[in-house]
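Peer 1: Have a look at the structure that comes next, please.
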Amino acid sequence: MNILVTGGAGYIGSHVVKQLLENTEHHVTIIDNLSTGLMKTVDTLKCISIERLKFLHTDLKNFSEVEGIIKSINFDAIIHFAASIVVPESVENPLKYYLNNTVNTTNLINLAVKYGINRFIFSSTAAVYGEPEEIPVKESSELKPINPYGMSKLMSENVLIDTAKAHKDFKFVILRYFNVAGADTKNRIGQSFPNATHLIKVAAETAIGKREKLLIFGEDYDTKDGTCIRDYIHVDDLADAHLKALEYLQHNNSDIFNCGYGYGYTVKEVINTMKKVSGVDFRVETSGRRPGDPAALVADNTRIKEIMKWKPNFNDLELICKTALEWEKKLLKIN
Ligand SMILES: NC(=O)c1ccc[n+]([C@@H]2O[C@H](COP(=O)([O-])OP(=O)(O)OC[C@H]3O[C@@H](n4cnc5c(N)ncnc54)[C@H](O)[C@@H]3O)[C@@H](O)[C@H]2O)c1
């Protein structure tokens, strides 16, 4: 297959491209504006296969340029990662999120229909559930995003659903990711964007001395140690779910799946694990709760396991922390 991967120079997209090049015969074209993705990452991916990987430095907002690309290459599927992803920024600058996430996605879906690309895999998020009342969260749980980031993704989901209803050949898989973490086990690629807010990356940065201290946002939640519980999924298990989704779309109808392990760890458990794997007793301080942080967010992953036959291989918090740490050490040397 010929696959268009938007945002393939970014964290999750690059792990999917890596697996497409290593585990399949597909040809991949990345479109990325390198706003948070890195050319170095693309160069690393080219070392896996230079013949089957094409990189186009383009912004999805350039509709005519994107149409030109889609017209000239006969794509069989689109995997769409490109987005803005920082929740607090989405509150300050919602239009950036609605334009980059919802408008650009809508244009891409429009082009997919226009040029007969009938398989579309979309990166969605647990943020579409907002502050869920029921844990673990099922795909059928109420959708109540509490910030523009989550809403921009939910709106894109709805565009996909309505489009598939009206165009019967067009099929999608929506993957709702929980907390993605860790890096390539061979330490070739990882999460590179500076100022990340993800706990495991921040803990790794603190362990190697890039940050002075780590802040815990709230110690008074109704959980076993008072800190928030999240479901951390290793990026390579998540990447594998995309390859499964591609196969799934060859013979099945559109569907929506949660991506997580179905088990959560508290912030303190993550910190202790990072301290253990790094051997560094880094500084930790407690600060107040952040608005909109639910006490617990854990996926019900029954559907993806039963329907898509997805099996996690890296469901191990120590391994997740270790790969994140090794990547952080490498980044320090590269930069
Ligand atoms: N990281 C997580 O924990 C997480 C959780 C839930 C959902 N997601 C979703 O996964 C997807 C990938 O996230 P990530 O963590 O890899 O982020 P990332 O920032 O590393 O990757 C996004 C990529 O898209 C590119 N991009 C952004 N806007 C673009 C545009 N207009 N045109 C072309 N390229 C553009 C960036 O340069 C970057 O390479 C996003 O859609 C995000 O919403 C991520």
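The values are calculated or read from the model by the stated rules, or taken from the named source; none is laboratory data. Small disclaimer: the values here were computed from a predicted structure and weren't measured. Please note: Cβ atoms are built from the backbone with ideal geometry, for glycine as well, and neighbour counts cover all protein chains shown. Just so you know, the surface numbers come from the protein's heavy atoms only, side chains and all, with ligands and any DNA or RNA stripped out. Shrake-Rupley method; radii C 1.70, N 1.55, O 1.52, S 1.80 Å.
Peer 1: Pick from T323, T286: which is part of a helix (DSSP H, G or I), at pLDDT 95 or above and hydroxyl-bearing (S, T, Y)?
Peer 2: On the way: T286 fails: part of a helix (DSSP H, G or I).
One residue alone meets the criteria, T323.
Peer 1: I would also like to ask the following. Could you tell me which of the residues L160, L108, L143 is in a loop (DSSP other than H, G, I, E, B), within 30 Å of Q250 (Cβ to Cβ) and either within 12 Å of the ligand (Cβ to nearest atom) or touching a helix residue (DSSP H, G or I) at 6+ places or on another chain (Cβ under 8 Å) (or both)? It would help to see each step written out before you state the result.
Peer 2: On the way: L160 fails: in a loop (DSSP other than H, G, I, E, B); L108 fails: in a loop (DSSP other than H, G, I, E, B).
One residue alone meets the criteria, L143.
Peer 1: At least 1 residues that are surrounded by 24 or more Cβ atoms within 10 Å (Cβ to Cβ) and among the aromatic types (F, W, Y) in each: list the helices (runs of 4 or more DSSP H) lying fully within segment 1-77 that qualify.
Peer 2: Values: elements: 11-23, 39-48, 63-72.
So the answer is 11-23.
Peer 1: OK, next. Can you name every residue in segment 198-220 that is within 16 Å of the ligand (Cβ to nearest atom) and either within 17 Å of T286 (Cβ to Cβ) or of a type in the set (A, V, I, L, M) (or both)?
Peer 2: Our first condition is that a residue be within 16 Å of the ligand (Cβ to nearest atom); within segment 198-220, this holds for 198-205.
Scanning segment 198-220 gives L199, I200, V202, A203, A204.
So that you can scan it fast, the table gives a plain yes or no per residue for (1) near the ligand (Cβ under 8 Å from one of its atoms); (2) in contact (Cβ under 8 Å) with a residue 12 or more places away in the chain:
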{"residue": "M1", "(1), (2)": "no, yes"}
{"residue": "L4", "(1), (2)": "no, yes"}
{"residue": "I12", "(1), (2)": "yes, yes"}
{"residue": "T24", "(1), (2)": "no, yes"}
{"residue": "L34", "(1), (2)": "yes, yes"}
{"residue": "I50", "(1), (2)": "no, no"}
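Peer 1: A further question follows. Of E285, E247, E306, which residue is over 30 Å from I3 (Cα atoms) and open to solvent by 60 Å² or more (accessible area, probe 1.4 Å)?
Peer 2: On the way: E247 fails: over 30 Å from I3 (Cα atoms); E306 fails: over 30 Å from I3 (Cα atoms).
Being over 30 Å from I3 (Cα atoms) and open to solvent by 60 Å² or more (accessible area, probe 1.4 Å) holds for just one of E285, E247, E306, which is E285.
Peer 1: Just to be sure, is Y149 open to solvent by less than 70 Å² (accessible area, probe 1.4 Å), within 11 Å of the ligand (Cβ to nearest atom) and not assigned by TED's automatic domain parsing to the domain that holds F314?
Peer 2: Values: open to solvent by less than 70 Å² (accessible area, probe 1.4 Å): yes; within 11 Å of the ligand (Cβ to nearest atom): yes; not assigned by TED's automatic domain parsing to the domain that holds F314: yes.
Yes; evaluated as a whole, the condition is true for this residue.
Peer 1: Also, quick follow-up: Picking from N62, N100, N74, which residue would you name as being touching a residue at least 40 places away in the same chain (Cβ under 8 Å), farther than 24 Å from V180 by Cα and not β-branched (V, I, T)?
Peer 2: Working: N62 fails: touching a residue at least 40 places away in the same chain (Cβ under 8 Å); N100 fails: farther than 24 Å from V180 by Cα.
One residue alone meets the criteria, N74.
Peer 1: Answer yes or no as to whether V113 is surrounded by 15 or more Cβ atoms within 10 Å (Cβ to Cβ), in contact with a helix residue (DSSP H, G or I) (Cβ under 9 Å, 6 or more places away or on another chain) and closer than 30 Å to Y221 by Cβ. Can you show your working first?
Peer 2: Values: surrounded by 15 or more Cβ atoms within 10 Å (Cβ to Cβ): yes; in contact with a helix residue (DSSP H, G or I) (Cβ under 9 Å, 6 or more places away or on another chain): yes; closer than 30 Å to Y221 by Cβ: no.
No.
Peer 1: Can you tell me how many residues within segment 111-140 are aliphatic (A, V, I, L, M) and away from the ligand (no atom under 14 Å from the Cβ)?
Peer 2: Filtering segment 111-140 for residues aliphatic (A, V, I, L, M) gives 111-113, 117, 121, 126-128, 135, 137.
Now narrow it down to the ones that are away from the ligand (no atom under 14 Å from the Cβ): 112-113, 117, 135.
Of the residues in that region, 4 qualify.
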